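One structure below.
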Number of protein chains: 4
Amino acid sequence: MSNVKKAAILGASGYTGAETIRLLLGHPNVKIVALTGHSNAGREISEIYPNLLGRNLPSIISWDEVDWSEIDVAFACLPHGASQETIAAIRSQVPTIIDLSADFRLADPALYEKTYGRPHNYPALLKSAVYGLTEFARDNLTGAALVACPGCYPTCSLLSLLPGIKAGLFKPSSIIIDAKSGITGAGRKISDRLIYSELTDGAHAYGVGNHRHAPEIDQMLTRVTGNDDIRVSFTPHLIPMNRGMITTIYVDLAKGFDLEFVQKTYKKAYENEPFIIVSESVPETRHFKASNRFGLGLFKDRVEHRIILIGVIDNLTKGSAGQAVQNYNLTQGWDETLGLMGSAAFP
Amino acid sequence: MSNVKKAAILGASGYTGAETIRLLLGHPNVKIVALTGHSNAGREISEIYPNLLGRNLPSIISWDEVDWSEIDVAFACLPHGASQETIAAIRSQVPTIIDLSADFRLADPALYEKTYGRPHNYPALLKSAVYGLTEFARDNLTGAALVACPGCYPTCSLLSLLPGIKAGLFKPSSIIIDAKSGITGAGRKISDRLIYSELTDGAHAYGVGNHRHAPEIDQMLTRVTGNDDIRVSFTPHLIPMNRGMITTIYVDLAKGFDLEFVQKTYKKAYENEPFIIVSESVPETRHFKASNRFGLGLFKDRVEHRIILIGVIDNLTKGSAGQAVQNYNLTQGWDETLGLMGSAAFP
Amino acid sequence: MSNVKKAAILGASGYTGAETIRLLLGHPNVKIVALTGHSNAGREISEIYPNLLGRNLPSIISWDEVDWSEIDVAFACLPHGASQETIAAIRSQVPTIIDLSADFRLADPALYEKTYGRPHNYPALLKSAVYGLTEFARDNLTGAALVACPGCYPTCSLLSLLPGIKAGLFKPSSIIIDAKSGITGAGRKISDRLIYSELTDGAHAYGVGNHRHAPEIDQMLTRVTGNDDIRVSFTPHLIPMNRGMITTIYVDLAKGFDLEFVQKTYKKAYENEPFIIVSESVPETRHFKASNRFGLGLFKDRVEHRIILIGVIDNLTKGSAGQAVQNYNLTQGWDETLGLMGSAAFP
Amino acid sequence: MSNVKKAAILGASGYTGAETIRLLLGHPNVKIVALTGHSNAGREISEIYPNLLGRNLPSIISWDEVDWSEIDVAFACLPHGASQETIAAIRSQVPTIIDLSADFRLADPALYEKTYGRPHNYPALLKSAVYGLTEFARDNLTGAALVACPGCYPTCSLLSLLPGIKAGLFKPSSIIIDAKSGITGAGRKISDRLIYSELTDGAHAYGVGNHRHAPEIDQMLTRVTGNDDIRVSFTPHLIPMNRGMITTIYVDLAKGFDLEFVQKTYKKAYENEPFIIVSESVPETRHFKASNRFGLGLFKDRVEHRIILIGVIDNLTKGSAGQAVQNYNLTQGWDETLGLMGSAAFP
């Protein structure tokens, strides 16, 4: 079919790469024609992910072996730092680049340097990137050449907060985000911190007070409110499950508002969203596994004027590869649900 | 679309029911028009399986509230005993019935009674049922009115054994099947045996020496060899994972054969199978999750003349609902892969 | 030995009962002479907990079959409601009663009724109970006849908060407690909510805005500050591990204080505590499994003047049975570490 | 106390090292005075195992920094190959060496070389080692200078098989061992094969047909029967739990014997064993966690003349460090249960 777009997955052997492949295999308008890797170049992707056996996928090659002139879209699933270099190198040849790394999320090069401990090498390119929190970025996504997909924590936090923040329902200074992530969020690294026996049947916080996703959340809240001083509390935890993320958010209501009004506002804001479910009951990560949905519950706290927002996603899907595909659909002017409507398997 | 078949799922709230729903939601030729339940009648299926929210599914009703005259196919996901009663009651009105229970698997009423501790009430109906181990039943499936889908253990064991047994490569008296199942295999029962805290982080054998799936395995081996005395050793274990099954089978080679010949025989037998993967490496359950595939590895034992067959499936998919859909596709003369080609999510 | 005290465990077949048995089996001064149960009366405890096989434990009997005149101490591991009735019935005969239920934790009968939905039947007895948050109750524990052991969430939260609250370092109105518990915290109930397949590999909040442990936390904070208006935010989550609890607490510093001062205050407050570890690094639940320790980390938040307290316990040990034994040791004037110094097994 | 023996743990930072430390901390006659490590030299053991914090343990040092003249006993928890070198170097100074590695298990240097792919460098030393399958080695353990503790799979398999094999109840040629191990059995290695996300919620066989523990099982069976040709089938599986092991063993009865006689023989053989439980019901790994017990069930198979032996241990305790301590107790002529009677925590 001449309409089918040719895709390359950069960094195919990581978890976000594998999830992007899984989703694109079910996409009617996309064909995967290149998979790249560094240490895994020369191997078949099915050696690393046997679930992908028999899917007619290309072998993993080095990124500079790809004939970029034939690629319509590149999904960059690379570590930060590496991503900007590769994207800078191929951008003149590839009409659409969807970056799943952290390299183009923070618009301010100074903030990038402060957060990631190294200068950004392509500040102009950074400026051109669209921050692809899909539901709040549709206008900018059509025809975009470079999309920076948000981090998993920012996706879950911001989808929880934005309708209320935009409508002025919350006190921005009061936001506390307590997040819990499944262990795929740590990536496919060979490290003593990721050994099964030391992660199963236990839980812990990490990055306390200084996780790199916090400035990304601040940035977006600042953008929609114009309030330069927004700074959220943010504490992530690793819990023994593979996929899934909860953000439990505590926020004080602005004067004059109550939970009922908040709920009405959210239902209206999200009523036509294909992937957002605002529910009366408490959302559970297990029901969102391998799905592109975001689930949200809004609850009254026992402390007056405080409410609790509980957001849930699959960190690898809506928190990464799913949102990336959704963004790509929008860059092409397609139905944004293409390739993303499979039902999650549960249990 | 006039070609779309109307399906009812009987016993929708159990795990095989939920998995059948998940698969049929992605089936191009089937629409789910009725869900039945006993204690859950009157509820929405999404109250039990929130992953199914927003899928336009009917409410759960009692089986006698269904207008059976409009149903093209019933998938019976009922407990044994209950299944035969309901099927007997609706069979004159429903052209195709796919039974996922144990009620029509054993062709001999006496064996059924001995195995399940109660007489079979519909021996004539029993006789008419097609035993739907798909890859070995295609000739009988076309146009079948009642298909008995094999149990999960027999599916995994028989797909491992049959090509070799049919070709006379193994000594039938030597078969030992050591099986390991994920916990969804125990169903969605409210029981102190299924409490999370008593099943996680540990493992155990059960039904040692007398599991009900063993006679089903004997029956099929007897059928293909004509050898009345086949009786396998079979020991299942429950291990702390949700989905997945391994059957590790030890078998002595018949005189004159070696592993290489066995491998050649299997590769030939299964070369055109869309859901069977005969691999060099050891198959792992995690790569088959939510997929209709069966993975098989064939290995030389350290004891001469003995080989080891390692088969892997998802007990809820190829071991139950997936095989059921595959069988239904064949009763209708459709491509048997319809609705079954989604890639498993891993990790 | 004439010094050995005779213990009865009421409600032995629940998880707190089993943990109390495990700990007392290693206690030099205590011998278990009676185990009681309701539906399990007549059974051996080792039928339910095979790990207790061969330990010379008595059979489970009904509580009214016990010869209470020979009992020195009763550990009541009963459901709330049932606990007060049994305790009222046996108290004249049993010199020391350690209650692990919720029945004697809230000193105000009106608050008990509001929280548990039924009136307290023994308000005078309630008044006499010592609230056994050990490290803050030693003076009252010596010779106490009835000790109410705190809930697991209050134990972890209050040990985190009290040194700072007592020293006036925190703004009491700012306390937000986000808690995560292992699944044994839900008890050994036969319920569809506790099925393995629906709890593994996923997480969720529960009791949002109205969990019964919140008033217990308020009560103790109010007691030490004399501030009637303290009301904490408290949201518990269930995560897929057996034992363990984290309370992540966000609190604003009172004017003039900083993290360094807070750390100094805590180290001093807890310097001689045998079971409390104030550490520089983030505590993880897995390192506290089956131990009576409480681990605490104190961290600077990225929001100025806010700090994060991360407390960790084993919900069944320090959060229940361990603290109960520790309290009993103190009622007898013994070394409080007796029976509690076993090293946790990890991994 | 002058009677207290001074222990060094070689390779303290691995899982068997950590488990040995845990057990010795509760041992009345042993004090840990040295911990050695290679890459971890210079660190505190509590940095790696925070559960060991506050236990007055020495810092990890290099093995050549130890003053071996003051050491009474060395527990060698080193990788094979490294273990023999270190033991050879210190043996003249250390009266008792308990080796937990594989280096001294196979009495025949040629078999060692064939199995481990390298020659054994100390064949004379190999000859002097006592194979410490405790219950069948007591006579040789008293005063032994070098004890080779069996592998976890051989321990569980041989304790299951030996009473029957010694009494001639089984056909030695018929033995098939299907084993399942928790993931700590793979050790504390930094490897992509041990990443949490790729081991949780799934299972697989490994080392099919050629696992290194199989010759060790053959050797012991050969030793007690004098039958040179014994060669067992042995297939291990990794399942998603931390600790625990099951060996499911299929064996044909020798002529004239039945299950009842087998059970009687085992009960008699094991009646005075402090750590062996022969039970009517199926043993489960979870009830043996962190305990030095071995549980055994003996069952009739559905195939005539075949029986099924189901053995269960904790791979790190009875399968390694627990048996090592038990062996050490016997070398000293002490009660062999010293330090090993703690009750397992369950759930």
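The values are calculated or read from the model by the stated rules, or taken from the named source; none is laboratory data. This structure is a prediction, so every number in the text was calculated from the model and none was measured. Heads up, the Cβs are rebuilt from the backbone with ideal geometry, glycines too, and the neighbour counts pull from every protein chain shown.
Evaluate segment B:222-232: report whether one residue or more is buried (at least 24 other Cβ atoms within 10 Å of the Cβ), in contact with a helix residue (DSSP H, G or I) (Cβ under 7 Å, 6 or more places away or on another chain) and under 30 Å from D:T285 (Cβ atoms). Talk me through it step by step, then tell me what you get.
Residues of segment B:222-232 buried (at least 24 other Cβ atoms within 10 Å of the Cβ): none.
Looking for residues that are buried (at least 24 other Cβ atoms within 10 Å of the Cβ), in contact with a helix residue (DSSP H, G or I) (Cβ under 7 Å, 6 or more places away or on another chain) and under 30 Å from D:T285 (Cβ atoms), one finds none in segment B:222-232, hence no.
Quick check: is even one residue across segment D:121-135 in contact with a Gly (Cβ under 8 Å, 6 or more places away or on another chain) and of a type in the set (V, I, T)?
Of all residues in segment D:121-135, those in contact with a Gly (Cβ under 8 Å, 6 or more places away or on another chain) come to none.
No, the conditions are met nowhere in segment D:121-135.
Among the listed residues D:S83, D:S59, D:S101, identify the single one that is more than 15 Å from D:R212 (Cβ to Cβ) and outside the structural domain of D:N210 (by TED's automatic domain parsing).
Exactly one residue qualifies, and that residue is D:S59.
Quick check: is even one residue across segment A:325-343 crowded, with 19+ Cβ neighbours inside 10 Å and among the acidic types (D, E)?
Yes, segment A:325-343 contains at least one residue that is crowded, with 19+ Cβ neighbours inside 10 Å and among the acidic types (D, E).
With the requirement that a residue be more than 14 Å from chain A (Cβ to nearest Cβ) and part of a loop (DSSP other than H, G, I, E, B), what does segment B:326-337 give you? Quick ask: steps written out before the conclusion?
Looking only at segment B:326-337, we keep the residues that are more than 14 Å from chain A (Cβ to nearest Cβ), and these are B:326-336.
Selection gives B:Q332, B:G333, B:W334, B:D335, B:E336.
From the residues in segment C:225-255 that are over 26 Å from A:F234 (Cβ atoms) and not hydroxyl-bearing (S, T, Y), which one is modelled with the lowest pLDDT?
Kept after step one, since they are over 26 Å from A:F234 (Cβ atoms), are these residues of segment C:225-255: C:225-229, C:242-243.
Pick out the ones that are also not hydroxyl-bearing (S, T, Y) and you get C:226-229, C:242-243.
Values: C:G226: 92, C:N227: 89, C:D228: 86, C:D229: 89, C:N242: 97, C:R243: 97.
The qualifying residue modelled with the lowest pLDDT is C:D228.
In contact with a His (Cβ under 6 Å, 6 or more places away or on another chain) and either of a type in the set (S, T, Y) or part of a helix (DSSP H, G or I) (or both): is that true of A:P163 in this structure?
Values: in contact with a His (Cβ under 6 Å, 6 or more places away or on another chain): no; either of a type in the set (S, T, Y) or part of a helix (DSSP H, G or I) (or both): yes.
In short, no.
Being more than 18 Å from B:L162 (Cα to Cα) and either basic (K, R) or under 24 Å from the mean Cα position of the chain (by Cα) (or both) narrows it down to one of B:G319, B:G256, B:G244, so name that one. Let's see the steps before the verdict.
On the way: B:G319 fails: more than 18 Å from B:L162 (Cα to Cα); B:G256 fails: either basic (K, R) or under 24 Å from the mean Cα position of the chain (by Cα) (or both).
Answer to the selection: B:G244.
Please verify whether A:L340 is among the hydrophobic types (A, V, I, L, M, F, W, C), assigned to a loop (DSSP other than H, G, I, E, B) and more than 10 Å from every other protein chain (Cβ to nearest Cβ), treating the condition exactly as stated.
Details: among the hydrophobic types (A, V, I, L, M, F, W, C): yes; assigned to a loop (DSSP other than H, G, I, E, B): yes; more than 10 Å from every other protein chain (Cβ to nearest Cβ): yes.
Judged against the criteria, A:L340 is a match.
Give the residue that is farthest from the other protein chains (Cβ to nearest Cβ), with candidates limited to residues of segment C:35-63 that are farther than 29 Å from D:E273 by Cβ and in a strand (DSSP E or B).
Residue satisfying both the conditions and the ranking: C:I61.
Scan segment A:203-219 for residues that are touching a strand residue (DSSP E or B) at 6+ places or on another chain (Cβ under 7 Å), on the phi < 0 side of the Ramachandran plot and at the interface with chain C (Cβ under 9 Å from one of its Cβ atoms) and report the count.
Residues that pass the stated criteria total 7.
Among the listed residues C:K300, C:K289, which satisfies the condition of being without any contact (Cβ under 8 Å) to a residue 60 or more places away in the chain, more than 19 Å from the chain's Cα centre (by Cα) and not assigned by TED's automatic domain parsing to the domain that holds C:R105?
Working: C:K289 fails: more than 19 Å from the chain's Cα centre (by Cα).
Going through C:K300, C:K289 in turn, the sole match is C:K300.
In the list D:R43, D:R22, which residue meets the criterion of being basic (K, R) and under 23 Å from D:N315 (Cα atoms)?
Values: D:R43 fails: under 23 Å from D:N315 (Cα atoms).
Result of the check over D:R43, D:R22: D:R22.
Residue under question is D:D67, and the condition is that it be over 25 Å from D:A186 (Cα atoms), surrounded by 14 or more Cβ atoms within 10 Å (Cβ to Cβ), charged (D, E, K, R) and at pLDDT 95 or above; does it hold?
Criteria not met by D:D67.
Quick one: is C:E198 touching a helix residue (DSSP H, G or I) at 6+ places or on another chain (Cβ under 8 Å), closer than 27 Å to C:G17 by Cα, at the interface with chain A (Cβ under 9 Å from one of its Cβ atoms) and buried (at least 18 other Cβ atoms within 10 Å of the Cβ)? Can you show your working first?
On the way: touching a helix residue (DSSP H, G or I) at 6+ places or on another chain (Cβ under 8 Å): yes; closer than 27 Å to C:G17 by Cα: yes; at the interface with chain A (Cβ under 9 Å from one of its Cβ atoms): yes; buried (at least 18 other Cβ atoms within 10 Å of the Cβ): yes.
So C:E198 fits the description; yes.
When you scan segment A:154-177, do you find a residue that is over 19 Å from A:L309 (Cα atoms) and facing chain C (nearest Cβ under 10 Å), even just one?
Taking segment A:154-177 and keeping what is over 19 Å from A:L309 (Cα atoms), we get none.
No.
Just checking, how many residues over segment B:178-195 are within 9 Å of chain D (Cβ to nearest Cβ) and not aliphatic (A, V, I, L, M)? Give the steps one after another, and end with the answer.
First, the residues of segment B:178-195 that are within 9 Å of chain D (Cβ to nearest Cβ): B:178, B:180, B:182, B:195.
Applying the additional criterion that residues be not aliphatic (A, V, I, L, M) yields B:178, B:180, B:182.
Here the count works out to 3.
Any residue that is in a strand (DSSP E or B) and within 22 Å of D:I175 (Cα to Cα) - is there at least one of those in segment D:288-295?
The initial filter retains those residues of segment D:288-295 that are in a strand (DSSP E or B), namely D:294-295.
Subset that is within 22 Å of D:I175 (Cα to Cα): D:294-295.
Yes - at least one qualifying residue is present in segment D:288-295.
Here is a yes/no grid of residues against (1) touching a residue at least 60 places away in the same chain (Cβ under 8 Å); (2) charged (D, E, K, R); (3) surrounded by 14 or more Cβ atoms within 10 Å (Cβ to Cβ):
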residue: D:Q84; (1), (2), (3): no, no, yes
residue: D:S92; (1), (2), (3): no, no, no
residue: D:D99; (1), (2), (3): no, yes, yes
residue: D:L106; (1), (2), (3): yes, no, yes
residue: D:A110; (1), (2), (3): no, no, no
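Could you grab me the full set of residues in segment C:18-34 that are of a type outside the set (V, I, T) and away from chain D (no Cβ under 12 Å)? Break it down stepwise before answering.
Taking segment C:18-34 first, the residues of a type outside the set (V, I, T) are C:18-19, C:22-29, C:31, C:34.
Once the filter is applied, which keeps residues that are of a type outside the set (V, I, T) and away from chain D (no Cβ under 12 Å), segment C:18-34 yields C:P28, C:N29, C:K31, C:A34.
Determine whether segment A:166-175 contains at least one residue that is outside the structural domain of A:T248 (by TED's automatic domain parsing) and charged (D, E, K, R).
Applying the first criterion (outside the structural domain of A:T248 (by TED's automatic domain parsing)) to segment A:166-175 yields none.
Within segment A:166-175, not a single residue is outside the structural domain of A:T248 (by TED's automatic domain parsing) and charged (D, E, K, R).
Condition check: of a type outside the set (S, T, Y) and buried (at least 21 other Cβ atoms within 10 Å of the Cβ). Does B:G117 satisfy that? Please lay out each step first, then the result.
Values: of a type outside the set (S, T, Y): yes; buried (at least 21 other Cβ atoms within 10 Å of the Cβ): no.
No: the conditions fail for B:G117.
Quick one: which residue in D:A148, D:A110, D:A137, D:A144 is of a type in the set (A, V, I, L, M, F, W, C), in contact with a Lys or Arg (Cβ under 7 Å, 6 or more places away or on another chain) and not assigned by TED's automatic domain parsing to the domain that holds D:P215? Explain how you work it out, then say what you get.
Values: D:A110 fails: in contact with a Lys or Arg (Cβ under 7 Å, 6 or more places away or on another chain); D:A137 fails: in contact with a Lys or Arg (Cβ under 7 Å, 6 or more places away or on another chain); D:A144 fails: in contact with a Lys or Arg (Cβ under 7 Å, 6 or more places away or on another chain).
Of D:A148, D:A110, D:A137, D:A144, the one residue that is of a type in the set (A, V, I, L, M, F, W, C), in contact with a Lys or Arg (Cβ under 7 Å, 6 or more places away or on another chain) and not assigned by TED's automatic domain parsing to the domain that holds D:P215 is D:A148.
Hey, could you check segment D:121-148 for residues that are surrounded by fewer than 20 Cβ atoms within 10 Å (Cβ to Cβ) and touching a Pro at 6+ places or on another chain (Cβ under 8 Å) and say which is farthest from D:M220 (Cα to Cα)?
Filtering segment D:121-148 for residues that are surrounded by fewer than 20 Cβ atoms within 10 Å (Cβ to Cβ) and touching a Pro at 6+ places or on another chain (Cβ under 8 Å), the one farthest from D:M220 (Cα to Cα) comes out as D:A145.
Tally up the residues in segment D:283-311 that are within 26 Å of D:L24 (Cα to Cα), in contact with a Gly (Cβ under 8 Å, 6 or more places away or on another chain) and more than 8 Å from chain B (Cβ to nearest Cβ), please.
Counting residues in segment D:283-311 that are within 26 Å of D:L24 (Cα to Cα), in contact with a Gly (Cβ under 8 Å, 6 or more places away or on another chain) and more than 8 Å from chain B (Cβ to nearest Cβ) gives 7.
Among the listed residues C:I195, C:I175, which satisfies the condition of being touching a residue at least 24 places away in the same chain (Cβ under 8 Å), closer than 30 Å to A:G244 by Cα and more than 20 Å from the chain's Cα centre (by Cα)? Break it down into steps so the answer makes sense when it comes.
Numbers: C:I195 fails: touching a residue at least 24 places away in the same chain (Cβ under 8 Å).
Just one listed residue meets the conditions, C:I175.
Condition test on D:G209, is it crowded, with 22+ Cβ neighbours inside 10 Å, in a loop (DSSP other than H, G, I, E, B) and touching a Ser or Thr at 6+ places or on another chain (Cβ under 8 Å)?
Values: crowded, with 22+ Cβ neighbours inside 10 Å: no; in a loop (DSSP other than H, G, I, E, B): yes; touching a Ser or Thr at 6+ places or on another chain (Cβ under 8 Å): yes.
No: the conditions fail for D:G209.
Could you please find all residues in segment D:242-274 being part of a loop (DSSP other than H, G, I, E, B), more than 14 Å from chain B (Cβ to nearest Cβ) and under 16 Å from D:I310 (Cα atoms)?
Within segment D:242-274, the subset part of a loop (DSSP other than H, G, I, E, B) is D:242-244, D:254-258, D:270-274.
Filter once more, keeping what is more than 14 Å from chain B (Cβ to nearest Cβ): D:254-257, D:270-274.
Passing the criteria: only D:Y270.
Considering segment B:244-285 alone, what residues qualify as being crowded, with 17+ Cβ neighbours inside 10 Å, under 26 Å from B:S181 (Cα atoms) and among the hydroxyl-bearing types (S, T, Y)?
Listed by number, the residues that qualify are B:T247, B:T248, B:Y250, B:Y266, B:Y270, B:T285.
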